[in-house]
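> Sharing a structure below in structure tokens format, with a few things to ask.
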Amino acid sequence: MPDWKKLVRERLSVLNLPPSAKNEVIAELAAHLEEIHEKVRQACVTDAAAVELTLQEIDNWSVLARNIRRAKSEGESMNYRTKSLLWPFAAVTWLGASLSVMVLQRTDRLYPNLILFYLPWLATLPLACAAAAYLAQRADPTNDRIKRLWLSVTVTWLGAMLSLMVVDRADHPSLVLRRPIPVTFSLPWLATLILVGAAGAYLAQRADAPRKTRLVVATSPALLLGIVMLLLLPWRVTVDGYPWAFTFFALDVENCVVVPGLALLLGASPFLRQRSANSSLLPEDDANASMGPTALLG
Amino acid sequence: MTKRIRPQITRGSAELAILALLADQSLYGFEIAKQIGERTNGALTFTLASLYPLLYEMEKRGSVEGRWQRNHAGRDRRYYRLTPAGRKQLAPLRQEWRAFFHALDVLAGVSHA
């Protein structure tokens, strides 16, 4: 007779509950599996085959662990969203804005009127995204959003930053928009952003992220940059003064958010067509939690 | 006047099955799944993965309560029984499902009888 408690404990190691509650869950599930095993054993030749068949009762132990944890925790739905999405997102923007201010205060404007002026920001924000992934991981190791959202966003950011650093070191064809303040776009950079957007959306799709998450991941460099710029606006007003701060802000939004965002979106578009089974930012087991007639009959 | 069916009624289907079963007797998880399968000739089934999160949630809401007891084979099992609150939920839930099937019957000729 296998040690079912041991087998369940190994598989539910990620179950984040107080020890007494966790032990009780493990004992209960082990007892259930023990009964199934006894029934299966009568029909199986070997005990190993019976154990294997019994363990097939649970498709995904991580999902089970998450569902149990949420079922047993008070107000877990709100906490889960807060811990895995809102709190990391707040960390990204706060850390990104703080680091950007620190870096910008020590950096001359080396590239006036060029998009490369934002290189320090691009260098610091991946760090903030990695922090978000860490926070989401700490909140719940089984969290779907780690791969679907935060790690994909971090990779997208790193890709955008690295491409900019590479492009910055070479002569390259540029697109110059002549307006009251001329703006130069590096064409190779915009081209690599298409690839970066595609990579981000692909990674999110591979993690079975829903379409809107893929969209957020792919355009995250532009979106986060826009949010950070908005947060830094008061600081810029004190530095550049009114109304220049707002004029520069509008130009920056266009140059650093809209145009790169369009390039990222273009790259992501092939990976946005396919509809995911999971249509919300919430993890897939939220849908499974609603066990209606279909689930019962299924 | 027909009682309006709340949107969460689909979620209540699984709860109804458990509440109705526990109204007659205390059962542990394996027995709950087994009896639901047997009584419906396998039409309704609960896996371990779908049963326990729901049982724990119902326990958290106070509809059922679990207690470790020895079963007939002398093994410790966690038996669930209806609480007074759970018993109160059962009648309105049954009523909602009757209304649900009646509505389906009117629309699609699906009779529950």
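The values are calculated or read from the model by the stated rules, or taken from the named source; none is laboratory data. Please read all numbers here as calculations on a predicted model, not as lab measurements. Note that each Cβ is placed from the backbone with ideal geometry, even for glycine, and that neighbours are counted across all protein chains shown.
> Which of the residues spanning the range A:39-55 are part of a helix (DSSP H, G or I) and either of a type in the set (Val, Ile, Thr) or within 17 Å of residue B:47 (Cβ to Cβ) (or both)? Before the answer, list the steps.
Filtering the range A:39-55 down to residues part of a helix (DSSP H, G or I) leaves A:39-43, A:47-55.
Hits for the range A:39-55 are A:39, A:40, A:51, A:52, A:53, A:54, A:55.
> Can you pull out every residue in the range B:38-52 that is surrounded by 12 or more Cβ atoms within 10 Å (Cβ to Cβ) and within 11 Å of chain A (Cβ to nearest Cβ)?
Listed by number, the residues that qualify are B:40, B:44, B:45, B:46, B:47, B:48, B:49, B:50, B:51, B:52.
> Of the residues A:245, A:268, which single one is modelled with pLDDT under 80, assigned to a helix (DSSP H, G or I) and surrounded by 16 or more Cβ atoms within 10 Å (Cβ to Cβ)?
Values: A:268 fails: modelled with pLDDT under 80.
Result of the check over A:245, A:268: A:245.
> Among residues belonging to the range A:27-64 that are without any contact (Cβ under 8 Å) to a residue 24 or more places away in the chain and within 31 Å of the chain's Cα centre (by Cα), point out the one that is farthest from the other protein chains (Cβ to nearest Cβ).
Ranking the candidates gives A:56 first.
> Please count how many residues of the range B:53-66 are assigned to a strand (DSSP E or B) and within 11 Å of another protein chain (Cβ to nearest Cβ). Before the answer, list the steps.
Residues of the range B:53-66 assigned to a strand (DSSP E or B): B:64-66.
Pick out the ones that are also within 11 Å of another protein chain (Cβ to nearest Cβ) and you get B:66.
Looking only at that region, the number is 1.
> Please go through the range B:67-98 and give me each residue that is in a loop (DSSP other than H, G, I, E, B) and of a type in the set (Lys, Arg), ordered by number.
B:75
> Which number in (1) within 14 Å of chain B (Cβ to nearest Cβ); (2) at pLDDT 75 or above marks the one condition that residue A:289 misses?
Condition not satisfied by residue A:289: (2).
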